[in-house]
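Written below as structure tokens is the structure these notes are about.
The values are calculated or read from the model by the stated rules, or taken from the named source; none is laboratory data. Note that the coordinates shown come from a computational prediction; the quantities given were computed from them, not determined experimentally. Here the Cβ positions follow ideal geometry from the backbone for every residue, glycine too, while neighbour counts run over all protein chains shown. Please note that ligands, DNA and RNA were not included when accessible areas were found on the heavy atoms of the full protein model with its side chains. Shrake-Rupley method; radii C 1.70, N 1.55, O 1.52, S 1.80 Å.
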Amino acid sequence: MTGSIALSVNGRRHMVEAAPETPLLYVLRDDLGLNGAKFGCGLGQCGACTVVVDGRAVLSCLLPVAALEGRAITTVEGLGTPERPGLLQQAFIAENAAQCGYCIAGMVMRAHALLDRNPDPTEAEIRAAMAGNLCRCGTHRRILAAIRRAASSRKGDRAGTPPPATGAGQGQGQGQGHGAAGATAGRVRS
Amino acid sequence: MRLGRITGILVAVAAAGAAAFAVLAWHPAIAPVAAPPPASPDVIRAGETLAALGYCASCHTAEGGRPYAGGRPIKTSFGTIYATNITPDARTGLGGWSLDAFTRAMRQGIDREGRHLYPAFPYTHYTGLTDGDVAALYAFVMSRMPVEARTPENDLPFPFSVRALMAGWNLLFFREGRFTADPNRDAIWNRGAYLAEALSHCGACHSPRNALGAEVTARAYSGGEADDWWSPALDAGSTAAPPWTEASLTRYLAGWDPEHGGAGGPMAPVVAAHGRVPRAEIAALARYVAGLAPPGQAGRAPVDRPVRVEDASLARGATIYAGACAVCHDSGGWAAGGVPYTAPSLGHRTTITGPDPRNLIHVLREGIAPASHARGPYMPAYGEMLSADQVTDLAAYLRARFSPDGPWPDLRETVHRLMPDAPVGRAGPSTTASAKEPPR
Amino acid sequence: MTAPLHVSRRSLVGGGLALMVGVPFRRAALAQGITPPAVKPGLPGSLKQAPRIDAWIQIGSDGSVTVLTGKAELGQGLKTAILQVAAEELSLAPAALRLVTADSDLTPNEGYTAGSHSMQDSATAIRHAAAGARALLIAAAGRRWGIDPAGIACAGGLVTAPDGRRLTLADLVEAVEPGAEATGQVPLRDPAAHTVVGRSLPRVDIPGKVAGGAAYLQDIRAPRMVHARIVRPPRYGARLVALDTASVAGGPGVIGIHRDGDFLAVLAGREYDAVRAMRALEKAARWEGGTPLPDPRTLFESLEGYPAERTVIHQTGQGAPAGAGRSVSARYRRHYQMHGSIGPSCALAEFDGTRLTVWSHAQGMFPLRKAIAELLSLPEEKVRCIHAEGSGCYGHNGADDAAGDAALLAVAMPGRPVRVQYTREQEHLWEPYGGAMIADARAVLGADGRIADWDYAVRSPTHLTRPGGAGQLLSARLLAKPFTEPPPKALPQPEGGGDRNAIPLYDLPRARIAHDFVKAMPLRVSALRSLGAFVNVFAIESFIDELAETAGTDPVAFRLAHLSDSRGRAVIAAAAERFGWGKPVGRGRGVGFAFARYKNLAGFAAIAVEVAVAPEDGTVRLVRAVAAVDVGEIVNPHGVRDQIEGGVIQAMSWSLYESVAFDPEGLRSRDWSTYPIARFPDVPDSLDVVLLDRPGQPFLGAGEVAQGPTAGALGNAIRSATGVRLRDLPLRPGPTGGAASL
Ligand code: FES
Ligand code: FES
């Protein structure tokens, strides 16, 4: 049976016609036309569908819409747009933190919830918080770098100073040239 | 003065008692040894198996810490005790312990320096171990990598902080002695009895404890507690449906049984450790434990019955079940091609059929995760996803649908107590939801 | 110049293709078949198959420039790198270019996007085509102005004469010689002057992917779209013997149930209705029979028991007598492993009554078109396959099958786009795995500490069952009138399949290398990133370490002593230096090294790792890794770094954790709880990538170079940490035995 359910998504209120047990993921993607949350397993095992509800990362593939009335849902679309990405999204872009990118919207939302609660996490805390989200392309180190970068630019924002550039590996600079972050290139003439 | 005399006598008696008690409570230190004699790899390997059967690492390893380096807080009703570092580190671990010192600790609960250990360390069970097994455990422990890790001070209020008082406790509740086989039983049963009683110390969790924290032997295996989880009864009081058999227990203790599922909470590390020992040992344990319940305890079949949808809480629970749980738990069970590690019906689960809702709440809150990179049962954690009221609705629904017994009393209070940080649901699901038929 | 191109359904793909209207377009550029025949064998890269410049670079009447590639974005950063190459030669900003990837109606046929070939084939073609297009524009301007083209410049979308006169590309487009072919002779821009190539241009696709843009096939929402879910047999070979459709057909939102033999699907207007109906249909279907699988405990014995075709792929020095010395031998094995893309396969198809359009994230749009045409008995021209991005692709996964399913259902429901989405379990169970393999190595180590004789045989099933024909699509084999799967084929050297990288790059005076090709496929298998190279490099690099140990020589020195290839030596030296090879590590730690040149003709990679092994349970953690790679001229350093990082982490996961679980009853790895992979806590603390750039040298491709060396280095590091030599992948020291004696 289908009912009318009021949902608050990215600060906007929507009336959704759906069976009350419909997992949020299908409503976000199919009814609200949002692309961020992804179907990865539908079993709560991979995190591709992660969104934030009232500040906490949740798996939208397993959360019935009926359980969400009155709660504030945030998806990756709520943090920014491709043209005007939010701070965390900018960090992911700056660190090239996506290969196929299929896991990434979930990663961004998991990281968003983490930084909200713990603005200055240690490396171990980041890894532990992200452990439930799977990435098959092996983008993990870029993602970790992006989260660290976002954490320090938030700090920078609060302190009123420009965000520090975070080197991704050891001893690399920023920028577009050869030898930038995480990879060093020696040019060999041949 | 009469009163004075009486007081005097009392004081004298008390003093004499204290003196006697002091004699009882006093134990000499055992001189440290430089290094234990080298043990053969076979003995170390045997000790490794025994340590897995005793799942020593599960207490003696802190969250994220080095194995056997101690530091894990053990919460008791008297306060918090920290498991010690049992790596052979000279300053903070068992370095310097001779086999005699180790044996005394295992069998009498007295450490090398002569101090009493608390029975959170199950010497009350280990006392039954054979000399050979104690020696093998010693050889294994001493072959670990030494880790310098100081064990935190216990957090026990007076008078429990006085270790010497354990002498009195021992006098009341502790009987030292080796395991004796029952000649009327077969060798496998006896092996299982030895493992269960002495090494695996099953009763430590599965038996009730008295006000002073001692196992009530008269009601052994009728169910107990661990870490605010309830431990199911293994005797006639078991609610397992269908009843446990040797075969199903063997599978369960090795990791997973299609009917009864896998272990959660404090039992999870036990099963994880048991999964690494030779199957024959597990089978022996299973024979003994299966025999604790009267044979042929029929009538316990899994239940799956219609739920009254007029009850708004149950209807909300039904909706949550349909959206969150059904994808796995209505998939027919692993054996039938459903989602891995699911049973044909949740009516098989003692978390739902048992007398206490705590384990179900714990599992819903924290989920189940296999050890890293191991195949094993998995369940997502709902503690960040559902509010305490929603978990209450879901638990009530599961109970109503899958247990032949009535609702749990105090369910809501228990959920709120165990989930203080749960998200707050600001409104219940819409009324349309409550008119829904529960999924069949 | 030609009729405007009409792109049907362009609205579905986010409007990108709408901009193509008015672009000159010729089908003549397109060749047919899986491996398109070379029409101009002498030309560089894929120009061999499609020599016309406008197959690759098209200039619209408005002056807009479109780049076309027959390769697809699989998450490897192809789009960005291709745009950089084209932009460099055209002296345009990458953002000024439009890009069309694999589309059987629009782009050249470049077969599959596989084997680290995209840069080698496509970027090379585009580089020359772009240079050719620049020359055409300059020539046209020269004619217009009546001056010598030599002095004319073309940059920033303007063609400028020495006297300052200027024309835009739009001014010139009509004057460009139509149908010109690339010669490969037009001089390319001097690498020293490059401003775009060699720079870490941020990936063009990431902003959309992190902010919810329509980035994936999964994001296409067509009007009147129907959601389909498939119900698969519970095991290989099971037959559908009874089906009660009544209860499901009446379910909420169900549009129809489609059954053709054992191919069973349910269609609904809303996705969640399709999900629910699929679950109900699963319960309403009764399957019987099935093909038993081998006993996993005797997997390798059964692999040895299957008949095999032996090919000796390399022989040298056989005339001379075998040298004397110590004989060493070892056997290495690999269990079945899976792709496990994070998103299960998806496809969309629409049939308008005559033409079928399929959107797929498979690796080859032209081979897929051929397979689907055969499946539906349609002429190939009536089928169009368009690549749209899906979840990361590491070889032949379920994507082609999903496209086949969508095609079958779309034809059954003309006029309505049908979207097929597999479940996680379906992807895990039905994707073709990387096959189980055995490699036997034997060598004689001479008294001089050098390898005197080398004998190696690798036994492997096929690594290619990708479509090209309908019989390779899963559902085609389930139909009432089934297609049969063609017999598996071995891929020939020099690239090879199971024998890829079976020939060491080392200097061996006497060697014999054989490939035992096994036709039996008890489990479905196909291409998994790097094919047999993963196993062969693991085996060779483990064995080299075993020999070095026997010789009492440092493993890196031993490698260098047997390698004259200068680029190989350079990556080995670079990795060893950056890693600090030779420095001692703590107890429970170990270091390992490995090297390979992918396919012996593509990229070079040397990898050094440090592992920590927990003595209590034998858990291995990769703590630190350094990879030095030479993939020819680097177009995007970050892109290469990311491919290497991803390759190392994925190969680490394969090497340490992964194997497909099964028993005679069927497959057991149905989800992530039964097929565990690496997670964040497993990721190394440091992972340095050293890039050896070779400006002016051919592109060699980076996608697969790290896989084999990572496995070899890990095995060697575990040996160094524990004293235990592990020869089976995944590498599991285990809690007892070796670990207890630590
Ligand atoms: S799709 Fe929700 S956790 Fe995988
Ligand atoms: S970037 Fe592809 S799965 Fe994470």
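Summary of computed values
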item: Proximal charge balance of C:Cys385 [Cβ under 11 Å; K/R count +1, D/E count -1]; result: -1
item: Distant alpha-carbon pairs in the range B:41-195 (separation over 19 angstrom), percent; result: 56 percent
item: Centroid-to-centroid separation of the range B:260-335 and the range B:394-425 [C-alpha atoms, Å]; result: 17 Å
item: Listed residues C:Val620, C:Thr462, C:Leu667: farthest to the positive end of the dipole of the protein assembly as shown (Cβ charges); result: C:Val620
item: Accessible-area composition of the protein assembly as shown, carbon plus sulfur, in percent [1.4 Å probe]; result: 56 percent
item: Net charge, A:Arg56 excluded, C-beta distance under 11 Å - Lys, Arg +1, Asp, Glu -1; result: -1
item: The range C:426-491-the range C:222-278 distance, computed between alpha-carbon centres (Å); result: 33 Å
item: Of C:Leu429, C:Ala605, C:Ile513, farthest towards positive along the dipole that unit charges on Lys, Arg, Asp, Glu beta carbons give chain C; result: C:Leu429
item: Accessible area that becomes buried as B packs against C, both chains, 1.4 Å probe, Å², nearest 100; result: 2300 Å²
item: Spacing of the two label points (7 Å from each Cα toward its C-beta) at C:Thr550 and C:Ala193, in nm; result: 5.6 nm
item: Chain B: relative contact order as a whole-number percent, Cα under 8 Å and 6+ apart; result: 12 percent
item: Rounded D (µm²/s) - chain C, Kirkwood Rh over Cα pairs, Stokes-Einstein at 25 °C, 0.890 mPa s; result: 90 µm²/s
item: Rg ratio (alpha-carbon, reference 2.2 N^0.38 Å) - the range B:279-323; result: 2.05
item: Overall form of chain B per C-alpha gyration tensor (a/c, 1.5; a/b vs b/c); result: prolate
item: Anisotropy class of the range C:566-712 from Cα gyration tensor, a/c 1.5 cut; result: oblate
item: Under the span-like rule (Cα at least 30 Å along the axis, Kyte-Doolittle mean at least -0.5), DSSP H helices of chain C; result: C:124-145
item: Helix B:99-108 axis, angle to chain B major axis (alpha carbon atoms, nearest 10°); result: 60 degrees
item: Residue-normalised accessible area of the range B:312-418, given per residue in Å² at a 1.4 Å probe; result: 31 Å²
item: Scaled radius of gyration (Cα, divided by 2.2 N^0.38 Å) that the protein assembly as shown gives; result: 0.99
item: Overall Cα dimensions of the range A:46-112, principal axis frame, Å, largest first; result: 37, 24, 16
item: For the range A:104-144, convex hull of alpha carbons as volume per residue, Å³; result: 63 Å³
item: Interface C:A - total buried accessible surface [probe 1.4 Å, Å², rounded to 100]; result: 6500 Å²
item: Surface accessible to a 1.4 Å probe, C:Lys79 within the full protein complex, Å²; result: 50 Å²
item: Alpha-carbon centroids, the range C:537-552 and the range C:309-351: separation in whole Å; result: 17 Å
item: Accessible surface, per residue, of the range C:121-201 when the full set of protein chains is kept, probe 1.4 Å, Å²; result: 44 Å²
item: Backbone N within the range C:39-76 under 18 Å of label point (7 Å from C:Ala93 Cα along the Cβ vector); result: C:63-67
item: Label-point separation, B:Asp186 to B:Glu63 (7 Å along Cα→Cβ), nm; result: 4.4 nm
item: Selection from B:Pro243, B:Pro232, B:Tyr288 lying farthest towards where the dipole of the range B:187-290 points positive, charges on Cβ; result: B:Tyr288
item: Pair B:Thr80, C:Glu309: separation of 7 Å Cα→Cβ label points (nm); result: 6.8 nm
item: Accessible area buried between chains B and A, both sides summed, probe 1.4 Å, in Å² to nearest 100; result: 2200 Å²
item: Dipole magnitude of the protein assembly as shown about its Cα centre (Cβ charges: Lys, Arg +1; Asp, Glu -1), debye to nearest 20; result: 620 debye
item: Candidates B:Thr151, B:Thr127, B:Thr342, ranked by Gaussian network fluctuation over chain B, Cα under 10 Å, top entry; result: B:Thr151
item: Residues of the range C:530-554 with amide N under 12 Å of the 7 Å Cα→Cβ point at C:Ala324; result: none
item: Entries in C:Lys209/C:Lys283; C:Lys283/C:Lys519; A:Lys38/C:Lys599; C:Lys40/C:Lys71; C:Lys382/C:Lys519; C:Lys209/C:Lys599 that, when Cα-Cα distance is taken, lie over 25 Å; result: C:Lys209/C:Lys283; C:Lys283/C:Lys519; A:Lys38/C:Lys599; C:Lys382/C:Lys519; C:Lys209/C:Lys599
item: Largest to smallest principal axis extent of the C-alpha atoms in the range B:187-290, angstrom; result: 37, 28, 24
item: Computed Kirkwood radius, in angstrom, where 1/r is averaged over Cα pairs of the range C:52-172; result: 14.7 Å
item: Cα-derived Rg to Rh of the range A:3-76, Kirkwood definition; result: 0.91
item: For the range B:117-183: rounded, prolate or oblate by the Cα gyration tensor [a/c cutoff 1.5]; result: oblate
item: FRET efficiency, 1/(1 + (r/R0)^6) with R0 51 Å, evaluated for A:Ser152 and B:Arg150 via beta carbons; result: 0.90
item: The range C:372-440 - accessible surface per residue (Å², probe 1.4 Å); result: 18 Å²
item: Chain C: calculated mean residue ellipticity at 222 nm from DSSP helix runs of at least 4, using -39500 (n - 2.57); result: -7500 deg cm²/dmol
item: For the range B:312-418, Kirkwood radius (reciprocal of mean inverse C-alpha pair distance, Å); result: 14.1 Å
item: Residues with amide H under 5 Å from that of C:Ala514, placed H, sequence gap 5 or more; result: C:Ile313, C:Tyr456, C:Ala457, C:Val458
item: Rounded to the nearest 10 Å², the accessible area of C:Tyr306 at probe 1.4 Å; result: 60 Å²
item: Net charge over other residues, Cβ less than 11 angstrom from the Cβ of C:Pro44 (K, R count +1; D, E count -1); result: +2
item: Inverse of mean 1/r across different Cα pairs in the range A:19-130, Kirkwood, Å; result: 14.3 Å
item: Stretchable slack from C:Glu665 to C:Arg725, in nm (0.36 nm times residue separation minus alpha-carbon distance); result: 18.3 nm
item: Contact order relative to length of the range B:58-172, as percent, for alpha carbon pairs under 8 angstrom and 6 or more apart; result: 29 percent
item: The range C:648-704: C-alpha pair distances exceeding 18 Å, %; result: 56 percent
